[in-house]
Structures are given as structure tokens and as C-alpha cells.
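Q: Handing you a structure now.
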Amino acid sequence: MKQLLVILLLIMGTHAQAQFTLEHTYDSAATYNFCPGPGSSQLMYLKLEASGERYVKINRCGKLISLYDMDHSLVKNISLDMVYTASPYFTIGYIMYISEHLFNLDDKLEFMYVVDSGTYKITQVYNETGELLFSELGSPDVILTMHAQQYPIYNTDNGTKLMLSYETGEAKVFGLGGMLGTEIDVANTQLVSTYSALSNPYPNPAQQATTIDYTLPEGNTTGEIILFRITGEEIARYPVTNAYSSIQIPTNNLIPGNYFYTLQTTSVITETKHLIIIQ
């Protein structure tokens, strides 16, 4: 009986251990990867319409999109030298909606490119050969630093993957023993509301102060505008109420650089906006 109890405890202990396997390390892929001036990169998993599953690394500092197979072998590099850069604070703008059949039906990789510097906005669509497919002087009011499919954990045909960013500029892919539950995936998509409640800051870039217009969602009387660095570090919270529709935020005490802000209430977290602070 004692021997059976020992065996059962060993089995339970084995199953209780989590399974994390480091699969690969990508350089220049951290979301807060810094080059001469701030510039975030990205590593994501995509299931493309023709090519299938791919890891995609966007190196915004090196102006490069790299596609990798699921065994982490390089498939192709796509230069971003053709894109327009409006601000000296970023090397390039934001890459969104990487696909093969979204904007046309050939099998070339294509993507949306967005520059939103506050005073200048442009949205373009390019394919992998550098051909410009679309261009308009406007920008989408969404979180520009995050791809629609970019989550920390993905269910793939090759198992469940976890992606983490490091201060070295690297990003690592870990294989997980379990699977992301459907209810968690649904909750993730509902975490950030597309409720449009924030204006762009003005002036932007700002030196002494900037003003932000806001509208609280129905049923909410209070909220907070949260200011954070490009690295995700929270800087300050500014209480707001439905008695007003704008707030002035002092910026002369902040280090020059790129910041983001969002409005949080008991019911929603709104889209993120970009603020540049200069001396």
C-alpha cells in the first residue's frame, strides 16, 4: 500500500509540472527594441492564405520583414526601404494586416503601412516587391502597435506557442504543453474595446503641455487616462469625469520621446493614441 502511494504521488507530481520548451530566439524582435531613437519591433504568428503557418518578424529599426517556417528556418526577407517616414522619432511607421489575399488575390505578401505622427497621417498598402497598391492621407484609429492577430499565446497546427520580449532586443518562442482555451481567446478579443473616445493630443509634438478630448461611454461617470512609455511602463494616471470633455496634461516634466495613452473606465479600455514630447 505504501509503495502504491509513492507511485501515485510521483505520477501526480509529473503531471503537475508545467511544460515550457524554448524553441527559438529571434534578434531585433522585441516590442521595445531600441535603435537610434525609439522603434518597436514585432514577432507574431500568422496563418497566411496561401503559404500557411509562418512566424513573421518586423524589424522596424532595420526596415525589414522576415518570414520564417514553423521550424524557424528563414523563408524570405522583404525590404521596407520604399516606405515613407514622417517623423525623426521613428525609423518607420507601423505594419498591419500582413496577408496574401486581403488586398488582392495574387499570392504575394502584402501589408498595410501607417504613419501617424499627430500632424501627418498616411495609410498605404504595399506588396512584397515594393509595389504601392493604395495610398490615402488618413490613418485608422486603432492600436497601431499591435497586429489584429498578435497575442502572446497562439494555438497553431504545430502546438501552442508563447512569445516573450526581452530588454536585449530579442524575442523568444516557447512551446507549451497545453492549449489556449476558446473562452480565453474570446476574452482576449473583448479586453480592448474599439469604442472611439479619445482625440489625438494637441499640440503634438508637445513641449509644455498637451490637451486630450475624451468622451466617457454611456453609464460611466469617471475614468482614468493612463500615460505609458513605448516600453509599456506606466508613467501616470489622470482622473477624468463626465463633467468635462477635455483634459490638459503637463509634459514639461517628462523626458522627450514617444509615449502612448489610453482611457480606462469600469467597462472599457479604449484605443491607444500616440504622443511625442520634445524639449
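Readers should treat all values here as calculations from the given coordinates under stated rules, not as data from a laboratory. No experiment lies behind these values; they were computed from the predicted model shown. We place every Cβ from the backbone using ideal geometry, glycine too, and count neighbours over all the protein chains shown.
Q: Report the extension gain between residue 248 and residue 108 in nm, rounded to one decimal, defined as 0.36 nm multiplied by the number of residues separating them, less their alpha carbon distance.
A: Length gained, residue 248 through residue 108: 45.8 nm.
Q: Starting from the 7 Å offset along Cα-to-Cβ, what nm value, one decimal, do you get for the label separation of residue 269 and residue 222?
A: Rounded to a tenth, the inter-label distance reads 2.0 nm.
Q: Please give me the summed charge of the neighbours of residue 131: other residues whose Cβ is under 12 Å from its Cβ, Lys and Arg +1, Asp and Glu -1.
A: Cβ neighbours under 12 Å give a net charge of -2.
Q: Compute the convex hull volume of the Cα atoms of the range 209-277, divide it by the residue count, and report the result per residue in Å³ as a whole number.
A: 80 Å³
Q: List every residue whose amide H lies under 5 Å from the amide H of residue 48, counting only residues 5 or more places away in sequence or on a different chain, with H placed 1.01 Å from N in the peptide plane.
A: Correct list: 53, 54.
Q: May I ask you to derive the FRET efficiency for residue 132 and residue 49 from their Cβ-Cβ distance with R0 = 25 Å, giving the value to the nearest 0.05? Before the final figure, lay out each step's value.
A: Details: r = 21 Å, r/R0 = 0.84.
Efficiency, rounded to the nearest 0.05: 0.75.
Q: Next question, about the same structure. Run the reach check for residue 172 against lysines, Cα to Cα strictly under 24 Å, same-chain hits fewer than 8 apart removed. What comes back?
A: 47, 57, 63, 76, 161
Q: While we're looking at this one, here's another question. Where does each of 179, 96, 70 land when they are ranked from fewest to most other beta-carbon atoms within 10 angstrom?
A: Ranked by crowding around the Cβ, least crowded first: 179, 70, 96.
Q: A further question follows. Using 0.36 nm times the number of residues separating residue 69 and residue 19, minus their current alpha carbon distance, what extension gain do you get?
A: Stretched fully, the residue 69-residue 19 segment lengthens by 15.7 nm.
Q: On full extension of the chain, what length is gained from residue 237 through residue 158, given 0.36 nm per residue of separation minus the C-alpha to C-alpha distance?
A: 24.3 nm
Q: Calculate one ³J(HN,Hα) per residue across the range 98-115 by plugging θ = phi - 60° into the Karplus curve 6.51 cos²θ - 1.76 cosθ + 1.60, and present them in order as whole Hz with x for glycine and proline.
A: Listing the rounded values in order: 5, 7, 10, 10, 6, 9, 7, 9, 6, 9, 6, 5, 9, 7, 8, 10, 10, 10 Hz.
Q: Also, I was wondering about something else. Order of 256-264, 214-222 by packing, highest average Cβ count within 10 Å first? Walk me through the numbers before you get to the answer.
A: On the way: 256-264: 18.8, 214-222: 14.1.
For the peptides 256-264, 214-222, the packing ranking is 256-264, 214-222.
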